[in-house]
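Heads up: the structure comes next, in structure tokens.
The values are calculated or read from the model by the stated rules, or taken from the named source; none is laboratory data. Worth saying up front: this structure is predicted, and the values here are computed from it rather than measured. Glycine gets a Cβ as well: all are built from the backbone with ideal geometry, and neighbour counts include every protein chain shown. For the accessible areas, the whole protein counts, side chains as well, though only heavy atoms, and no ligand, DNA or RNA atoms are used. Shrake-Rupley method; radii C 1.70, N 1.55, O 1.52, S 1.80 Å.
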Amino acid sequence: MSSVRTTCPYCGVGCGVLATADGVIAGDPEHPANFGRLCSKGAALGETLGSEGRLLQPHIAGRPASWEAALDTIADRFARTIAAHGPDAVALYVSGQFLTEDYYVANKLMKGFVGSANIDTNSRLCMASSVAGHQRAFGADVVPGVYEDWDEADLVILVGSNAAWCHPVLFQRLIAARAQRGTRVIVIDPRRTATCEGADLHLALRPGSDVALFAGLVVHLADAGTVATTWVEQHTSGFAAALATARQTAGTVGAVAAITGLPEADIAAFYDDFARTERVMTVYSQGVNQSSSGTDKVNAIINCHLTTGRIGRPGMGPFSVTGQPNAMGGREVGGLANQLAAHMPFDDPAAPDRVRRFWRAPRLATRPGLKAIDLFDAVLDGRVKALWIMATNPAASMPDAPRVRAALEACPFVALSDCSAWSDTARYADVMLPAAAWGEKDGTVTNSERRISRQRAFRPAMGEARPDWWALSEVARRLGWEAAFPYRCVAEILREHAALSTFENDGSRLFDIGALAGLSDEAYERMAPVQWPLPRGQSGGGRLFGDGRFGTADQRARFVATAWQPPSSAPDPSYPLVLNTGRVRDQWHTMTRTGTVPRLMTHADGPVLCLHPEDAARFEIDAGDLVAVESRFGETIMPARIAPEQRSGEVFAPIHWNDWFTSSGPIARIVGGAVDPISGQPELKATPVRLRAIRMTWRGLLLRRRAGPVDGDFYWARVPLDGGVAFELGGWAALPEGAALEAWATALLGAPAEAERLDYADPARGLFRWASIREGRLDGCLFLSSAGGLPERATLAAFLARPLGDDERLGLLAGRPAGAPASQGPIVCSCFAVGLRTLHRAIREDGLSSVDAIGAALKAGTNCGSCIPELKQILRDADTPAVSSHD
Ligand code: SF4
């Protein structure tokens, strides 16, 4: 079967993928973002193409409906709301999962035709501070560097970036360069993450103190005589003011140490290394952006590169890596509430008229709209009365999720376009539209180095799913704007987007992809990845600002005077710990895609609160206990993990798990706080919380073929399996007794009446076991224990997928049927399913002592490389006696 060239739909690295209709996936060796490499998530894309969880037809008021009826309803509710309350009473909330063509049509519809800039995106939670920082410093939202810089730098500083897990292919590129040329790596992050493995220096600074650290670096560079004086004078403005402001709070290493909590020697080592290294890159991501001072953090970093003139040349410069696959494409379109279109801001006096003429727009929005946090506040207080949410799940991802849910509940009309029926937002939708998913839709995405690549369809759309640009155009047509939304295919949309980027562009707008405005449909179909800027008739691309000319009116880069301020939401005696949130290696966003893949769930199989051993002792929490985590926004209950890599006083939880996957719900239900005053990006990494240990009176393991939900006043986490699903259970109340226990178990198992039932009970030891067998196969089983000692999930899971032999039936309730495979323990290498126990055994018995030796013996780490940092950690731990106790 022939393969199609497309692009991975996950992170902003933007890896090229070769895909076949039957789901065979490989890295594209010709794509310049990855040259054939994929990480564990990308490599498992073929396993996400099933129908599980898909929304397959439109719904109105929870009932199936036709596309005609659903689109008519959206158009009618929008028209009536606009007529009664004005254009600002409606809004779109869209997504970095959108393709650029979807974004373009949505932005044009809202800003050009509805007449409101109330279109914002989940990129507000991801990249808004980088956008604002770039605009302040460069006069345009531009990442100056390219991925080759990762190969050519001598020093790479990773700030607030767990690149080993969140941008694995780029991180592996850095590791390869390190092996070849000895690149030094410094990681700046409150947590010791996988990215720190092998780094030359880890600066575990206090959350929110980054501005002081980089302000101190500017002071050090000035005092050490490493200012690029001539370059600064010729190509920048504001240096003296920025330096004076930096001196106020970060004038000495001692002052920086007091704010950041870092040892003075480590700060001095970092400053010295930066000062003496010409080829230095500073890479930053969500740890910088998702902060109430995110924009200042970005500018504090950029200031250091402007001070030394190290920008836009090989191996140097600030480098923002985007979280989402097409956050950059959305920024190019202008799909944020505070941008107009195609990198033209609202405050450019010529821009509104230019865009109005280009679009022939009857009522162009002339002022910014509501950013995400403000938008949902406006929904809650009734200013916004009709909301169309597309390709995102704000009920699970927006901070202070209870408030967002209250807003959705109160909103007179909510439409939701999604490919997943599992979205936590679905329960609030009056109309649901089934969106085409990755592999079914066509368009372009832009990655972190400004490279535009095609996402191509390689399978027919499932059910009645349709692309988002088509649904938007259909609603626009129903609102009377058919002539402006005549699109028959995505190529037409890209041509128009490219033409707008170059329309009356005298070179002052760096975002120029005019060369794509004349692409034929056939050329669009064949289009190879290209990097902007692409002025008409030129090849373009490459690094920007190397000539010292920037996107400001005077072409000078601007230093921004950044002064460290204490975090607005600091811990206090009532909420003494700081909750940080982030990603795990093998999951993506709210798991609507990755959560369907059993092997991606073997690395981390449920929500978990990571806390330092000192905090565990202080709050009397043991590993595996449940813990109630409470903030001023709400409370959730999840298992604890004792994690020495945490700073004492700080805890961490992943962002992915949500209502479909766990009783804990999304961590966003307790996260919140201040918003960056410039970018509008909310603080997601520093919520004050308190903890309360919850003693479990019983634990349980439920496996069944049926995927439906479980419910009750206990903890549960869903784990997909081949042929079924497992639920890890834990309760704090006493188990019911007698007939009530039987009835409860029967309801959990959900087996049909004709199923054969096996059971075993030892009330004195608190052990209860049930299994139901149907058509010779295990239909479900439930193990409850008051004293621990549950069977291995992986051992039993094998029997959901194949018939049971007689001897296997006998051993079923013992939890270890005859013939069951030995458990490997938690999977470390997802590509080759190599578990922790297998690794421990091989290290101990075969004497494996290096990552290469493990790769040769077990293949672990030899494909995507995402697990290499953990393999190194396991090898190091192998010297300690604790390892053997795991086996
Ligand atoms: Fe996809 Fe992984 Fe590449 Fe990111 S690094 S684009 S998730 S394959």
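Numerical summary
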item	result
Scope the stretch 107-124; condition open to solvent by 10 Å² or more (accessible area, probe 1.4 Å) and within 12 Å of Val94 (Cα to Cα); matching residues	Asn122
Options Leu494, Leu408, Leu500: the member that is modelled with pLDDT of 95 or more, open to solvent by less than 40 Å² (accessible area, probe 1.4 Å) and more than 30 Å from Pro144 (Cα to Cα)	Leu408
Hey, Ala523 more than 16 Å from the ligand (Cβ to nearest atom) and in a loop (DSSP other than H, G, I, E, B) or not	no
Filter result for the condition that a residue is at pLDDT 95 or above, surrounded by 16 or more Cβ atoms within 10 Å (Cβ to Cβ) and either among the hydrophobic types (A, V, I, L, M, F, W, C) or touching a Gly at 6+ places or on another chain (Cβ under 8 Å) (or both), over Ala65, Ala61, Ala69, Ala84	Ala65
Restricting the stretch 576-600 to residues that are in a helix (DSSP H, G or I) and in contact with a strand residue (DSSP E or B) (Cβ under 8 Å, 6 or more places away or on another chain), the residue that is least open to solvent (accessible area, probe 1.4 Å)	Gly595
Within the stretch 721-736, tally of residues that are in contact (Cβ under 8 Å) with a residue 24 or more places away in the chain and either of a type in the set (A, V, I, L, M, F, W, C) or out of contact with any Leu (no Cβ under 9 Å at 6 or more places or on another chain) (or both)	8
Selection count where residues are among the β-branched types (Val, Ile, Thr) and open to solvent by 10 Å² or more (accessible area, probe 1.4 Å), scope the stretch 309-334	0
Selection from the stretch 500-519 of residues that are polar (S, T, N, Q), in contact with a helix residue (DSSP H, G or I) (Cβ under 8 Å, 6 or more places away or on another chain) and assigned to a loop (DSSP other than H, G, I, E, B)	Asn505
From the options Leu778, Leu804, residue that is within 15 Å of Leu702 (Cα to Cα) and of a type in the set (A, V, I, L, M)	Leu778
Cβ pairs under 6 Å, 6+ apart, first in the stretch 497-517 and of a type in the set (Phe, Trp, Tyr), second assigned to a helix (DSSP H, G or I) and open to solvent by less than 30 Å² (accessible area, probe 1.4 Å)	Phe511/Glu332; Phe511/Ser501
Residue list for the stretch 424-467, restricted to those being in contact with a Ser or Thr (Cβ under 9 Å, 6 or more places away or on another chain), open to solvent by less than 10 Å² (accessible area, probe 1.4 Å) and farther than 18 Å from Asp28 by Cα	Asp424, Thr425, Val431, Leu433, Pro434, Ala435, Ala437
The listed residue being among the small types (Gly, Ala, Ser), surrounded by 23 or more Cβ atoms within 10 Å (Cβ to Cβ) and under 23 Å from Thr6 (Cβ atoms), out of Ala476, Ala471	Ala471
Leu99 being within 16 Å of the ligand (Cβ to nearest atom) and within 30 Å of Arg363 (Cα to Cα)	yes
The stretch 297-337, residues that are over 30 Å from Gly182 (Cβ atoms), of a type outside the set (Gly, Ala, Ser) and more than 16 Å from the ligand (Cβ to nearest atom)	Asn299, Arg331, Glu332, Val333, Leu336
Helices (runs of 4 or more DSSP H) lying entirely in the stretch 741-858 (those with 3 or more residues that are closer than 30 Å to Leu45 by Cα and open to solvent by 10 Å² or more (accessible area, probe 1.4 Å))	793-797, 836-846, 851-858
Search result, residues across the stretch 195-230 that are among the β-branched types (Val, Ile, Thr) and without any contact (Cβ under 8 Å) to a residue 40 or more places away in the chain	Val219, Thr229, Thr230
Residue list for the stretch 1-26, restricted to those being in contact (Cβ under 8 Å) with a residue 60 or more places away in the chain, among the polar types (S, T, N, Q) and either open to solvent by 20 Å² or more (accessible area, probe 1.4 Å) or within 10 Å of the ligand (Cβ to nearest atom) (or both)	Ser3, Thr7
Candidate set from the stretch 27-50 (those that are open to solvent by 40 Å² or more (accessible area, probe 1.4 Å) and over 18 Å from Asn447 (Cα atoms)); member that is farthest from the ligand (Cβ to nearest atom)	Gly50
Residue check for Leu701: in contact with a strand residue (DSSP E or B) (Cβ under 7 Å, 6 or more places away or on another chain), modelled with pLDDT of 90 or more, within 30 Å of Ala616 (Cβ to Cβ) and crowded, with 18+ Cβ neighbours inside 10 Å	yes
Single unsatisfied condition, Phe376 versus (1) assigned to a loop (DSSP other than H, G, I, E, B); (2) crowded, with 23+ Cβ neighbours inside 10 Å; (3) not basic (Lys, Arg)	(1)
When residues of the stretch 379-392 are limited to those that are in a loop (DSSP other than H, G, I, E, B) and of a type in the set (Gly, Ala, Ser), the one farthest from the chain's Cα centre (by Cα)	Gly382
The stretch 808-825 residues that are at pLDDT 75 or above, paired with ones that are crowded, with 18+ Cβ neighbours inside 10 Å and of a type in the set (S, T, N, Q) (beta carbon under 7 Å, 6 or more apart)	Gln824/Thr838
